[in-house]
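I have a structure I would like to understand better, so I am pasting it below and will then ask my questions one at a time.
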Amino acid sequence: MTHPISDVENHKSDNPRLWLLRHGETEWAREGRHTGLTDVELTAEGEALAAGIKSRLEHITFDLVLTSPLQRAWRTAELAGLNQAEEEPRVVEWDYGDYEGLTTDEIREKEPGWSIWTHGARGGESAGQVAARADAVIARVRSSGHRNVMLVAHSHFLRLLTARWLSLEPAGGHHFLLGTGKVCTLGWDRETPAVLAWGV
């Protein structure tokens, strides 16, 4: 059986493909805590997960690798063999403001019915503000002339960026679940932006 990543590599298009890699596990990610700009490190399991990604990507030539400047992202890139990664400040995780380090249940004790997708983060960013960053990164990729661009970043940011790639409202990112250490590929169905692979 062909590996999903190989299937993507065989998908022909003249337009650039944007590969997404969520960083490996952190203690806060394991506990379901919103981890925005806090610079937490990978767990031992997270480092092993990141290292395991290397063999899955080694047959692909990336013309450009962009990574969040937060250590959980750039360390994942390093362990996954994505050398020459360039830090891109616009791909940091959502600024959760007053909700940094809290779980959704803890936040909803103070703000019933809260969702990051519809309510944003008090003292942090709204979905629209994160979308502006995502749109700028997408514009950079689409105008780059590159065939394969890798982006190593964070769950909520990558999910929202995927919605924007597809011309959906930012809240559309709610539909794209993304575990730690998972690889996704955004590309094209002829001239239409599409998801080629998700969470492999």
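Could you order the peptides 105-115, 23-33 from most to least packed, using the average number of other C-beta atoms within 10 Å per residue?
Packing order, densest peptide first, comes out as 23-33, 105-115.
To continue, here is another question. 5 Å is the cut-off here: which amide hydrogens, built 1.01 Å from N in the peptide plane, fall below it relative to Thr67, excluding neighbours closer than 5 in sequence?
Residues meeting the amide H criterion: Glu86, Glu87, Glu88, Val152.
Now, a different point. Mind listing the long-range amide H neighbours of Leu196? Cut-off is under 5 Å, sequence gap 5 or more, other chains count too, H placed in the peptide plane at 1.01 Å from N.
Thr185, Leu186, Gly187
Relative to the Cα centre, what is the charge dipole magnitude of region 1-151, using +1 at the beta carbon of each Lys and Arg, -1 at the beta carbon of each Asp and Glu, and rounding to the nearest 20 debye?
It works out to roughly 580 debye.
Taking only C-alpha pairs under 8 Å that are 6+ residues apart, what is the relative contact order of the chain in percent?
31 percent
Using a 7 Å offset from the Cα along the Cα-to-Cβ direction at both Val200 and Glu87, what is the distance between the two label points in nm, to one decimal?
About 3.2 nm, to one decimal.
Using θ = phi - 60° and the Karplus curve 6.51 cos²θ - 1.76 cosθ + 1.60, what whole-Hz ³J(HN,Hα) does each residue of region 176-190 get, with Gly and Pro shown as x?
Per residue, the Karplus-derived 3J(HN,Hα) values read 10, 6, 9, x, 5, x, 8, 10, 10, 9, 9, x, 9, 10, 6 Hz.
Same structure again: Would you kindly derive the ³J(HN,Hα) couplings of region 94-105 from the backbone phi angles with the Karplus curve 6.51 cos²θ - 1.76 cosθ + 1.60 (θ = phi - 60°), listing them in order in whole Hz, with x for Gly and Pro?
3, 7, 7, x, 5, 9, 4, x, 9, 8, 4, 4
Non-local amide H neighbours of Lys182 (under 5 Å, H modeled in plane, Pro and chain starts lacking H): which ones?
Arg22
Can you give the local net charge around Arg75? Use residues other than it whose beta-carbon is closer than 11 angstrom to its beta-carbon, Lys and Arg +1, Asp and Glu -1.
-3
Per residue of region 16-31, in order, report the coupling 6.51 cos²θ - 1.76 cosθ + 1.60 (Karplus, θ = phi - 60°) as ³J(HN,Hα) in whole Hz, putting x for Gly and Pro.
Calculated HN-Hα couplings, in order: x, 9, 10, 8, 10, 10, 7, 4, x, 5, 10, 4, 5, 4, 4, 8 Hz.
Report the calculated FRET efficiency for Glu58 and Asp105 (r = Cβ-Cβ distance, R0 = 35 Å), to the nearest 0.05.
E(calc), rounded to 0.05, equals 0.30.
What FRET efficiency do you get for Ala51 and Thr192 if R0 is 25 Å and r is their Cβ-Cβ distance, rounded to the nearest 0.05?
0.10
Expressed as cubic angstrom per residue, what is the convex hull volume of the alpha carbon set of the chain?
Here the figure is 112 Å³ per residue.
Computed from the coordinates by the stated procedures, all read-outs in this text should not be read as laboratory data. Remember, predicted model here, so these are calculated numbers, not experimental data. Every residue, glycine among them, receives a Cβ derived from its backbone with ideal geometry; neighbour counts consider all protein chains shown.
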